[in-house]
1. Pick out the one residue from 275, 280, 295 that is at pLDDT 95 or above, among the aliphatic types (A, V, I, L, M) and open to solvent by 30 Å² or more (accessible area, probe 1.4 Å).
2. Given the conditions (1) within 30 Å of residue 297 (Cα to Cα); (2) under 20 Å from the mean Cα position of the chain (by Cα); (3) not in a helix (DSSP H, G or I), report the number of the one that residue 47 does not fulfil.
3. If you check residue 135 against the conditions, is it under 16 Å from the mean Cα position of the chain (by Cα), closer than 20 Å to residue 340 by Cβ and among the acidic types (Asp, Glu)?
4. Yes or no: the range 183-192 includes at least one residue that is modelled with pLDDT under 95, outside any helix (DSSP H, G or I), out of contact with any His (no Cβ under 8 Å at 6 or more places or on another chain) and closer than 30 Å to residue 125 by Cα.
5. Sort through 240, 202 and tell me the only one that's under 30 Å from residue 50 (Cα atoms) and open to solvent by 60 Å² or more (accessible area, probe 1.4 Å).
6. With the structure loaded, tell me whether residue 92 is in contact (Cβ under 8 Å) with a residue 12 or more places away in the chain, farther than 17 Å from residue 262 by Cβ and open to solvent by less than 10 Å² (accessible area, probe 1.4 Å) or whether it fails that test.
7. Could you pull out the residue among 59, 53, 72, 113 that is over 24 Å from residue 157 (Cβ atoms) and crowded, with 16+ Cβ neighbours inside 10 Å?
8. Please state which one of 264, 234 is in contact with a strand residue (DSSP E or B) (Cβ under 8 Å, 6 or more places away or on another chain) and more than 21 Å from residue 50 (Cβ to Cβ).
Amino acid sequence: MRLRSTHVRVASVAATLVLALTACMSANSAGTNSEEITIGAWYPLTGAVSASGVPQRAGADAYFKMINDQGGVNGRKVNWIVKDNAFDPQQTVQIARELIGQHKVAAIVAANGTSQAEAAFPFVLQQSKVPILNELGGLDSWYTPPRANLFGTQTLYEDQAAALGEWVAKDGRKNVVVVHSDPAAFVKVAQAAESVAKKSDPSMSTSLFPVKFQSTDYSPVISQLKAKSPDAVVLILASPEAAAFLKEAELQGLTAQTYGYAPVAAESTLTLAGAAAEGARAVQFVKSPNDSDAAVQEFRDAMTKYEPGQPADFIALWGWTAAKVFCQIAKTVQGPVTSESLAKAYEQAKNVDPGVAPVMSFGPDKHMGTRDVQKVVVKDGKWISEGTFYTPPTR
């Protein structure tokens with residue numbers, strides 16, 4: 001009886017090991033075969049934030065379609081599965097479960113949203129060990145210290161704000177007001193702009209001015225600002241709100257120079273604000289889509305061919321950049337393209353040049369590819385790049 005019991009225990013242990021090995025092999029092989037690489041993303045394609053989600057998805061989709069027409073990534077076509085989360089964190093968690101459980105994606109690539117991604121971190125990054133790559137949005141805490149399987153390509157909003165703080169100081173501004181939406185995420189960015197401005201020029205007077213998120217009536221805001229007599233206003237607002245600010249400022253005769261972070265530098269700002277946007281300054285983490293260099297022209301041509309209904313604007317270029325960096329790094333993978341091999345490839349990626357964005361480098365202790373920004377200014381109704389990418393001061 002003792003001998004038989006031992007055989008049973010050995011058989012049971014062996015079966016458990018086989019099941020564990022099978023599950024491990026299944027997880028490691030998710031999203032890959034000899035013909036395609038399956039990846040996924042979540043986007044706000046409906047709802048109030050769809051004005052950002054739709055063009056960003058279009059830009060990434062244009063790049064993936066172009067690369068597939070050119071033969072794919074090392075001969076494998078990219079199968080990019082996109083689902084609408086309506087900018088809702090809980091819907092994002094459900095989408096993550098579908099993408100990983102049903103579609104067996106190797107990674108979440110070029111998706112959209114900070115709080116949305118954070119809600120999915122426990123399931124995606126920790127439980128499933130699936131990387132999230134090139135998410136639009138993000139916080140400093142995502143990358144300091146680095147989190148396993150999380151890699152970014154978008155210069156953080158706090159670093160963009162630092163660049164604005166330095167810019168107003170270099171322009172000799174002495175009375176600067178930072179106008180920002182009231183949610184905590186905007187407050188932190190506004191504080192970074194104010195802090196660096198004061199550090200750059202201690203004699204400068206600075207103040208924060210919160211406004212209700214998604215406010216459309218900026219008449220009382222401008223009236224109160226005029227009483228402060230600023231010579232510069234930093235805008236930490238979404239594009240529609242920035243446009244409403246610019247129009248009301250022109251109407252009431254507020255002549256302070258405006259500076260905005262990347263969401264302000266959008267085609268929608270120009271469309272909504274019209275002539276009131278002329279001369280506005282901002283920083284971006286990509287070149288202007290109006291630039292004449294070859295990399296930007298390739299983007300415009302691809303948008304015309306693959307997404308003819310969507311303007312080739314800044315937000316589409318954000319998506320294009322995220323998709324392009326992913327493909328450039330995925331090409332370095334030797335063998336199967338899996339969750340594990342993609343994360344390893346990102347950690348080893350150096351001097352990745354998407355042409356339309358800063359050159360990026362990663363490492364085991366550096367999961368954010370760049371801190372660089374690009375200055376852009378509205379001239380004759382168009383956002384135009386000024387100078388080249390540069391690194392903002394330390395916050």
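The values are calculated or read from the model by the stated rules, or taken from the named source; none is laboratory data. All of these numbers come straight from a predicted model, not from anything done at the bench. Cβ sites come from the backbone with ideal geometry, for glycine too, and all protein chains shown count toward neighbours. Accessible surface areas use protein heavy atoms only, side chains included; no ligands, DNA or RNA. Shrake-Rupley method; radii C 1.70, N 1.55, O 1.52, S 1.80 Å.
1. Details: 280 fails: open to solvent by 30 Å² or more (accessible area, probe 1.4 Å); 295 fails: open to solvent by 30 Å² or more (accessible area, probe 1.4 Å).
275 is the lone residue from the list that is at pLDDT 95 or above, among the aliphatic types (A, V, I, L, M) and open to solvent by 30 Å² or more (accessible area, probe 1.4 Å).
2. In the conditions (1) within 30 Å of residue 297 (Cα to Cα); (2) under 20 Å from the mean Cα position of the chain (by Cα); (3) not in a helix (DSSP H, G or I), residue 47 misses (1) alone.
3. Values: under 16 Å from the mean Cα position of the chain (by Cα): yes; closer than 20 Å to residue 340 by Cβ: yes; among the acidic types (Asp, Glu): yes.
Yes, satisfied.
4. Yes, some residue in the range 183-192 is modelled with pLDDT under 95, outside any helix (DSSP H, G or I), out of contact with any His (no Cβ under 8 Å at 6 or more places or on another chain) and closer than 30 Å to residue 125 by Cα.
5. On the way: 202 fails: under 30 Å from residue 50 (Cα atoms).
Result of the check over 240, 202: 240.
6. On the way: in contact (Cβ under 8 Å) with a residue 12 or more places away in the chain: yes; farther than 17 Å from residue 262 by Cβ: yes; open to solvent by less than 10 Å² (accessible area, probe 1.4 Å): yes.
Against the criterion (in contact (Cβ under 8 Å) with a residue 12 or more places away in the chain, farther than 17 Å from residue 262 by Cβ and open to solvent by less than 10 Å² (accessible area, probe 1.4 Å)), residue 92 qualifies.
7. Details: 59 fails: over 24 Å from residue 157 (Cβ atoms); 53 fails: over 24 Å from residue 157 (Cβ atoms); 113 fails: over 24 Å from residue 157 (Cβ atoms).
Going through 59, 53, 72, 113 in turn, just one is over 24 Å from residue 157 (Cβ atoms) and crowded, with 16+ Cβ neighbours inside 10 Å: 72.
8. Numbers: 264 fails: more than 21 Å from residue 50 (Cβ to Cβ).
Just a single option satisfies the conditions, and that option is 234.
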